Structures are given as structure tokens and as C-alpha cells.
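Structure first, commentary second.
The values are calculated or read from the model by the stated rules, or taken from the named source; none is laboratory data. Model, not experiment: these values are computed from the prediction. In this analysis, Cβ positions are derived from the backbone assuming ideal geometry, glycine residues included, and neighbour counts consider all displayed protein chains.
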Amino acid sequence: MLNRLKLKSEFSRNVLTLMTGTTIAQAIPIAISPILTRIYTPEDFGVFALYMSVASLLSVMATGRYELAIMLPKKDEDAINIVAFSILIAFFVSFISFLIVFFFNAQITNLLGNPEISSWLYFIPLTVLLTGVYQSFNYWSNRKKQYKRLATSRVVQSGTTSASNLAMGFGGFGSSGLILGGILGQGVATGVLGSSIFKSDLELFKKSVNSLKIFALGKRYIKFPKFDLVASLLNVFSYQVIMILFNIFFSATVAGYYYLTQRILSIPMAFIASAISDVFREEASKDFKEYGNAKNIYKATFQKLFILGFIFSLILYFLAIDIFRIVFGEEWIVAGEYVQILTPLLFMKFISSPLSFMLYIEEKQQLNLYSQVLFILSITYSFFVSDNAYEVLNNIVTLFSLVYLYYLYISAKIAKVF
């Protein structure tokens with residue numbers, strides 16, 4: 001009984017540590033959003049959104065998804081070889097990305113339909129590299145229960161990015177202020193996290209990392225690039241394609257409303273799920289290795305996510321329109337209406353996303369792949385059967401919620417809750 005109470009207490013402390021840091025990190029962009037919408041034009045945000053769409057797709061491939069395997073080995077000596085392998089893959093993918101941009105810049109620019117993006121394509125390999133290295137460091141710190149380190153890096157990234165966005169925005173940099181601010185924030189955060197890791201784990205790295213182990217572990221966890229890489233690409237694509245299709249089927253104005261909706265929705269609830277998810281990954285992995293199940297930590301995490309998600313969703317549903325009117329102005333009321341429609345979906349995603357890590361613990365990545373295919377089909381269906389943006393969103397909410405219910409059922413089954 002005492003051990004169980006101690007476990008719950010440690011879990012809560014770890015979640016609180018991450019939640020505090022992540023809350024601060026997410027509060028900063030929330031606070032400056034009303035300023036950014038006044039010093040940057042919709043066109044600036046459009047170029048930035050396009051840049052991030054391309055960078056996000058390539059960043060999924062940055063580590064071959066091997067960073068997810070860092071949590072799984074019993075020995076730190078094995079796990080740190082996976083860290084090294086992930087970083088090597090990040091350099092390789094970044095280099096290939098640069099070659100593609102260098103030789104096919106004109107063709108890519110024409111395909112994206114925005115001449116202003118041409119020069120910024122050369123910065124995408126840097127974003128891909130930084131993202132891959134940061135994710136590798138992030139999962140290693142997660143494994144080592146260095147939650148203060150993780151919280152600090154998130155605050156540093158958010159603070160650096162936001163300060164850069166503001167300074168360059170007032171300086172009249174236009175879209176370059178948003179893009180360079182993001183790169184600078186990612187770079188500083190990666191440097192801070194990396195320096196902390198090398199101070200504490202450099203000896204382990206020198207002693208344990210070798211090419212034979214890297215090759216053997218790469219083969220051992222081949223399911224991550226084999227199945228989860230495709231699934232993750234489809235996942236990112238499913239979110240980016242919505243923005244593209246809103247432009248094609250309706251108008252840039254509708255796409256602009258949706259962009260701000262996603263920017264705001266990704267902040268207030270995701271930071272809690274992210275903090276809980278980081279701790280859940282470590283605890284669930286440990287329990288599954290020791291006891292063959294993770295039902296206790298799964299049920300405890302589900303309860304926390306359900307209660308917190310329900311409270312936030314209820315508040316958001318009733319106040320979204322007023323919040324957007326007051327904070328962003330009367331012209332952004334439509335975005336508030338979009339948020340109101342998407343609230344039930346946000347609730348389902350909030351609960352299911354952290355718990356779906358159980359699929360990785362039992363290496364059932366193919367199930368995630370099937371789910372991502374369902375997401376893509378749901379989006380395509382929603383656009384082709386709808387007459388307006390409101391119908392599209394309502395259809396997406398219904399279909400996506402069914403997929404998230406499937407995630408919950410499968411993850412609970414793997415955790416042996418039933």
C-alpha cells in the first residue's frame with residue numbers, strides 16, 4: 001500500500017514539474033498572440049505556415065522514429081546507442097533535404113504555389129536537423145527522469161522564439177521574423193538540453209556507444225521506421241492537408257481562420273497532456289517490463305486526463321467565441337466558432353493521445369498506421385460531402401472521434417486493463 005502511494009506521489013510530482021515548465025512555455029505564445037496578429041500580416045503567417053508544413057513533414061523522418069525506442073531497452077547502455085543512432089539519422093536526413101532543395105528549388109516552389117517561400121526552403125534542412133537532435137535528447141532525458149531539464153528546455157525554446165518574433169516583427173522583418181524566430185528558439189533549446197546531457201552522461205556515451213551496437217539495435221527496433229514512420233507521416237500530413245484543402249475548396253480567409261484556431265487550440269490543453277504523457281511513457285514502460293502489464297498507471301492516467309479534459313473542454317465550448325472576440329477582435333469570431341465545433345474532438349484527442357503510447361510499448365506500430373489511413377480517408381470524405389467549412393469540421397469531429405475511441409480500446413487492451 002505504501003509503495004503504491006509512493007508511486008502515485010512520484011507520478012504526480014513529475015507531472016507537476018513538467019506541467020509547470022510547459023505551462024510557462026505555452027503561456028508565453030498565448031500572451032503575445034494578440035500582438036503578433038497586429039504586427040504581422042495574414043500573408044506573413046501564410047508564408048510561415050507553409051514553411052512549417054514542409055518542415056513538419058520532413059521532421060517526422062528526421063530520426064526514423066527511433067527516438068521512440070529510447071524508452072524501451074532495460075539497460076541505459078543500449079538506450080544511449082539508440083540516441084546516437086537517432087542523431088546520425090537526423091544529420092543524414094538533413095543532408096538529403098539540402099540536396100533536394102538545392103537541385104529542385106524551382107520545382108518545389110512552383111508546386112507550393114508561393115514564390116516567397118523559395119529562399120526559405122534552404123533553411124528547412126536546419127529545422128529538420130534541430131528537431132531530430134532535440135527529440136533524441138528529449139526522450140533520453142525522459143528515460144532518465146530529468147523532468148526539470150525538460151521543463152527548462154521548453155521554457156527556453158518558447159521564450160527565445162517569442163522574443164525573437166516580437167523583436168523582428170517590430171523591426172519590420174515580415175515573415176522572416178516568424179521563421180527565424182522559430183529556428184533560433186529550437187536551436188537554443190537544443191543547445192541547452194544537449195549541454196545538460198553531456199555534463200551528466202558523457203562518460204556513459206564514451207564507454208557504451210559503438211557501431212556494432214548501433215547496427216544491432218537499429219535492426220532490433222526496425223519496426224519504428226518500418227511502420228511508425230509511415231503512420232507519423234500520414235498523421236502530420238492529415239493536419240497539414242486540412243489547411244491546404246481549405247484553401248482549395250473554399251478560400252484563403254477560411255484557411256486563415258482555421259490556422260489561428262489550430263494555433264490557439266494546440267496550446268491551452270496540449271501542454272497538460274504533454275506533461276502527463278512524458279511521465280506516463282516512463283512509468284508504463286517500466287511497469288510493462290517488470291509486471292507484463294501497465295493497468296494501474298493506465299487507469300490512473302486515464303482518470304486524470306478525463307477530469308482535466310472535461311473541465312477545459314466545457315470552459316472552452318462556452319467561452320470560445322467571446323475569447324476570440326475580445327482577444328483578437330470582431331473579425332476573428334468565426335475562428336471562435338470553429339473552436340466551439342472542434343471542442344469534442346479536442347477532448348477525445350486529449351485523452352487518447354498520451355495513452356496510445358501503449359502501442360509502442362508492445363511494438364504494435366502497424367495499428368497506428370491503420371489509424372492514420374482512417375484519418376486521411378475521414379478528411380477526404382469530409383471535404384467532398386460538405387458544402388461549407390462548418391459541415392467539414394462537424395464531419396471531421398465525428399469521424400476522428402471514432403478513431404480516437406479505437407485508440408483507447410486498443411491501448412487499454414495492451415495495458416491489460418480488461
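Some observations on this one:
- Test result for PHE249, touching a Phe, Trp or Tyr at 6+ places or on another chain (Cβ under 9 Å), assigned by TED's automatic domain parsing to the domain that holds TYR370 and either modelled with pLDDT of 85 or more or over 23 Å from LEU130 (Cα atoms) (or both): yes
- Checking each residue in the stretch 384-394 for being surrounded by fewer than 18 Cβ atoms within 10 Å (Cβ to Cβ) and touching a residue at least 12 places away in the same chain (Cβ under 8 Å) picks out ASN388, TYR390, ASN394.
- Contact annotation: residue pairs with Cβ atoms under 9 Å, 6 or more positions apart or on different chains, pairing a residue in the stretch 363-376 that is within 19 Å of SER285 (Cα to Cα) with a partner that is surrounded by 19 or more Cβ atoms within 10 Å (Cβ to Cβ) and among the hydroxyl-bearing types (Ser, Thr, Tyr), are GLU363/TYR221; LEU367/TYR407; ASN368/SER232; ASN368/SER356; ASN368/TYR360; ASN368/TYR407.
- Number of the exception - LYS75 against (1) more than 21 Å from the chain's Cα centre (by Cα); (2) farther than 15 Å from TYR139 by Cα: (2)
- Residue within the stretch 121-130 that is aliphatic (A, V, I, L, M), out of contact with any Asp or Glu (no Cβ under 9 Å at 6 or more places or on another chain) and farther than 24 Å from ILE108 by Cα present: no
- Flag if GLY169 is assigned to a helix (DSSP H, G or I), touching a Phe, Trp or Tyr at 6+ places or on another chain (Cβ under 6 Å) and either modelled with pLDDT of 85 or more or in the same structural domain as ALA275 (by TED's automatic domain parsing) (or both): yes
- Some residue of the stretch 29-40 being crowded, with 21+ Cβ neighbours inside 10 Å, part of a helix (DSSP H, G or I) and of a type outside the set (Asp, Glu): no
- Considering residues of the stretch 46-96 that are in a helix (DSSP H, G or I) and of a type in the set (D, E, K, R) only, the residue nearest to LEU234 (Cα to Cα): GLU67
Residue-by-condition table, conditions (1) at pLDDT 85 or above; (2) part of a loop (DSSP other than H, G, I, E, B); (3) more than 24 Å from the chain's Cα centre (by Cα); (4) assigned by TED's automatic domain parsing to the domain that holds VAL397:
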position	(1), (2), (3), (4)
ASN293	no, yes, yes, yes
ASN296	yes, no, yes, yes
ALA300	yes, no, no, yes
LEU305	yes, no, no, yes
PHE310	yes, no, no, yes
ILE315	yes, no, no, yes
ASP322	yes, no, yes, yes
TYR338	yes, no, no, yes
PRO344	yes, no, no, yes
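- Only one of SER386, SER371 that is assigned by TED's automatic domain parsing to the domain that holds PHE237, of a type in the set (Ser, Thr, Tyr) and farther than 20 Å from ASP228 by Cα: SER386
- Looking across the stretch 185-215, the residues that are surrounded by fewer than 14 Cβ atoms within 10 Å (Cβ to Cβ) and among the charged types (D, E, K, R) come down to LYS199, GLU203, LYS206, LYS207.
- Residue match in the stretch 134-144 (condition: in the same structural domain as VAL188 (by TED's automatic domain parsing), among the hydrophobic types (A, V, I, L, M, F, W, C) and farther than 23 Å from ALA284 by Cβ): no
- Just one of the listed residues (LEU316, LEU359) is within 26 Å of GLU67 (Cα to Cα) and either among the polar types (S, T, N, Q) or in contact (Cβ under 8 Å) with a residue 40 or more places away in the chain (or both), and it is LEU359.
- Flag set for TYR409, criterion: part of a helix (DSSP H, G or I) and free of Cβ contacts under 8 Å to residues at least 60 places away in the same chain.
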